[in-house]
């Protein structure tokens, strides 16, 4: 669960929290694209450290570290998979080369960089702002509403799942018993009531919304309007600049691999 | 049925704090005897459900001790406690998942490892007990709210637990169903089963006259006969409930020299008739 803890928003104020979520999303997208562009270790290490100031400015170090720790397990799996499979397909009879290790490490770091930027984004953007950002990016309101409602109902569903688990345990259900297949099947008595009640809840919500004239007016106005301010323009500028630099570096700069730099 | 005075559930200085830091129970001491009929009352968030969730081990004490049939609940699994203590949840939709009512009632019996022929016998018995025999092959999702509640109850009674806990049995049912359910619970208790109900429905409790435990903010504020507790205005106010309507009428007629400790409709009628006869 620690992985999800690392993405949970907490209401605090910081320069990063106050940024326009749309611009922050642009920044995350740029990070994503750059991380996917390179498969060398050096630029990815750079990318990892470039994001550190954001974490510090937002004051979410503790949560961020938790998300990193949560990602560690997955990172390990990614490293092993890359290493083992590439090794057996390419270099098998010989010993694994440094290039292969570097390649596996950079694949892992790419994943960590992605988790890092998404974690910063979700840690500093409230679900309400996220909905607003979608809406004011001209995404149809129906989709925005569905999205924010889904986010809002996650804790409700979690609580309901707990109640259902208690009810079935009270009828002698033991979740942690039996073979693997048996354990999977143990979850059927939990999942069916949960799904049924989620559907029921959504139908009720739909009726309640319609009785409050949902969708009556074509053009909706917002109480809170997102304004793009100077720091937002600055971040947008930096993001685009980074992208241009990255593209330039990819095509015109010879990126040294760490193995050639280090004296092995 | 064991000796009528044996304690089936013992609660010793029970404290419970939820992981989010909410202190739900603060030093509860309570003994429940075999064959007793107990109603735990109090406003929302008083800790009623938290308390009874200890009786079948769904929650474990933060501090203190809960003994069920002489065994500490810390040491045993929910499944083995559930065999003795049946728990009927407030909302039947939180547990119904099978394709037929029959399967639903058999679910717990399968979990407890009953043999196929015993399961069949017990399912028939439980369905008959709650008047659900004609729905044996029906999907529980096709039934009405009251019927679903009865299926949930049947699915617990099927394994014949020593203690039955009902969380808010009166909620979401029309008056007639409620009355039927009340009679059923009283009958169950008369047959020697220990019955614990958690509710804030005063009228429902008033008509059964069980032993009542009043709770506020995680503490027990009173323990005694329904007739004594529910007619004590200050006490019920402390637990944020109102006395039964019958009691309210008699409190209003206090100046006429009528008794004020009445909660039962039939007794009230008798008292009124007597006083009318005396005055005429």
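Only one of the numbered conditions (1) buried (at least 21 other Cβ atoms within 10 Å of the Cβ); (2) within 13 Å of another protein chain (Cβ to nearest Cβ) is not met by residue B:141, and that is (1). Scanning the stretch A:229-238 for any residue that is under 21 Å from residue A:24 (Cα atoms), part of a loop (DSSP other than H, G, I, E, B) and out of contact with any strand residue (DSSP E or B) (no Cβ under 6 Å at 6 or more places or on another chain) turns up at least one such residue. In the set (1) in a loop (DSSP other than H, G, I, E, B); (2) over 23 Å from residue B:112 (Cβ atoms); (3) at the interface with chain B (Cβ under 9 Å from one of its Cβ atoms), the condition left unmet by residue A:174 is number (2). Taking the listed residues B:126, B:79, B:108, the one that is touching a helix residue (DSSP H, G or I) at 6+ places or on another chain (Cβ under 8 Å), closer than 25 Å to residue B:186 by Cβ, within 9 Å of chain A (Cβ to nearest Cβ) and part of a helix (DSSP H, G or I) is B:108, with no other qualifying. When residue B:149 is tested against (1) at the interface with chain A (Cβ under 10 Å from one of its Cβ atoms); (2) within 22 Å of residue A:191 (Cα to Cα), exactly one condition is not met: (1).
For the stretch B:163-176, a residue qualifies if it is in contact with a strand residue (DSSP E or B) (Cβ under 7 Å, 6 or more places away or on another chain) and part of a loop (DSSP other than H, G, I, E, B), and the qualifying residues are B:168, B:169, B:170. Only one of the numbered conditions (1) under 30 Å from residue B:111 (Cα atoms); (2) surrounded by fewer than 13 Cβ atoms within 10 Å (Cβ to Cβ); (3) in contact (Cβ under 8 Å) with a residue 12 or more places away in the chain is not met by residue A:152, and that is (1).
So that you can scan it fast, the table gives a plain yes or no per residue for (1) farther than 30 Å from residue B:203 by Cα; (2) in contact (Cβ under 8 Å) with a residue 40 or more places away in the chain:
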| residue | (1), (2) |
| --- | --- |
| B:103 | yes, no |
| B:109 | yes, yes |
| B:128 | no, no |
| B:144 | no, no |
| B:147 | no, no |
| B:164 | no, yes |
| B:173 | no, no |
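Checked against (1) more than 14 Å from every other protein chain (Cβ to nearest Cβ); (2) within 30 Å of residue A:198 (Cα to Cα); (3) more than 20 Å from the chain's Cα centre (by Cα), residue B:27 meets all criteria but (2). Selection of the stretch B:30-59 for residues being within 24 Å of residue B:75 (Cβ to Cβ) and loosely packed, with under 15 Cβ neighbours inside 10 Å yields only B:31.
If you go through the stretch B:84-105 and keep only what is touching a strand residue (DSSP E or B) at 6+ places or on another chain (Cβ under 6 Å), part of a loop (DSSP other than H, G, I, E, B) and either more than 8 Å from chain A (Cβ to nearest Cβ) or at pLDDT 95 or above (or both), you end up with just B:90.
Table: residues versus (1) touching a residue at least 40 places away in the same chain (Cβ under 8 Å); (2) surrounded by 14 or more Cβ atoms within 10 Å (Cβ to Cβ); (3) not in a helix (DSSP H, G or I).
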{"residue": "A:24", "(1), (2), (3)": "yes, yes, no"}
{"residue": "A:27", "(1), (2), (3)": "yes, yes, no"}
{"residue": "A:30", "(1), (2), (3)": "yes, yes, no"}
{"residue": "A:34", "(1), (2), (3)": "yes, yes, no"}
{"residue": "A:39", "(1), (2), (3)": "yes, yes, yes"}
{"residue": "A:43", "(1), (2), (3)": "yes, yes, no"}
{"residue": "A:49", "(1), (2), (3)": "no, no, no"}
{"residue": "A:54", "(1), (2), (3)": "yes, yes, no"}
{"residue": "A:62", "(1), (2), (3)": "no, no, no"}
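In the set A:117, A:211, A:179, A:137, only one residue is surrounded by 14 or more Cβ atoms within 10 Å (Cβ to Cβ), more than 14 Å from chain B (Cβ to nearest Cβ) and farther than 26 Å from residue B:100 by Cα; that residue is A:117.
Checking A:225, A:184, A:196 one by one, the residue that is part of a helix (DSSP H, G or I), at pLDDT below 95 and exposed (fewer than 14 other Cβ atoms within 10 Å of the Cβ) is A:184 and no other. Which of the residues that make up the stretch A:131-167 are out of contact with any helix residue (DSSP H, G or I) (no Cβ under 7 Å at 6 or more places or on another chain) and under 17 Å from residue A:203 (Cβ atoms)? If the condition is that a residue be out of contact with any helix residue (DSSP H, G or I) (no Cβ under 7 Å at 6 or more places or on another chain) and under 17 Å from residue A:203 (Cβ atoms), then A:142, A:145, A:146, A:149, A:150, A:153, A:156 are the ones that fit.
Going residue by residue through the stretch A:123-133, is there one that turns out to be in the same structural domain as residue A:39 (by TED's automatic domain parsing) and not in a helix (DSSP H, G or I)? Yes, the conditions are met somewhere in the stretch A:123-133.
Output yes when any residue across the stretch B:52-62 is more than 23 Å from the chain's Cα centre (by Cα) and closer than 30 Å to residue B:215 by Cβ, and no when none is.
Within the stretch B:52-62 (the criterion being more than 23 Å from the chain's Cα centre (by Cα) and closer than 30 Å to residue B:215 by Cβ), the answer is yes, since at least one residue qualifies.
Among what's in the stretch B:6-29 and is in contact with a strand residue (DSSP E or B) (Cβ under 6 Å, 6 or more places away or on another chain) and under 25 Å from residue B:187 (Cβ atoms), pick the residue that is surrounded by the most Cβ atoms within 10 Å (Cβ to Cβ). Across the stretch B:6-29, the extreme among qualifying residues is B:9. Here the stretch B:152-162 is the region considered, the condition is being at the interface with another protein chain (Cβ under 10 Å from one of its Cβ atoms) and assigned to a helix (DSSP H, G or I), and the residue that is surrounded by the most Cβ atoms within 10 Å (Cβ to Cβ) is B:155. Of all residues assigned to the stretch A:77-90, none qualifies as being surrounded by 20 or more Cβ atoms within 10 Å (Cβ to Cβ), within 18 Å of the chain's Cα centre (by Cα) and in a helix (DSSP H, G or I).
The values are calculated or read from the model by the stated rules, or taken from the named source; none is laboratory data. Since we're looking at a predicted model, the values are computed, not measured. Note that each Cβ is placed from the backbone with ideal geometry, even for glycine, and that neighbours are counted across all protein chains shown.
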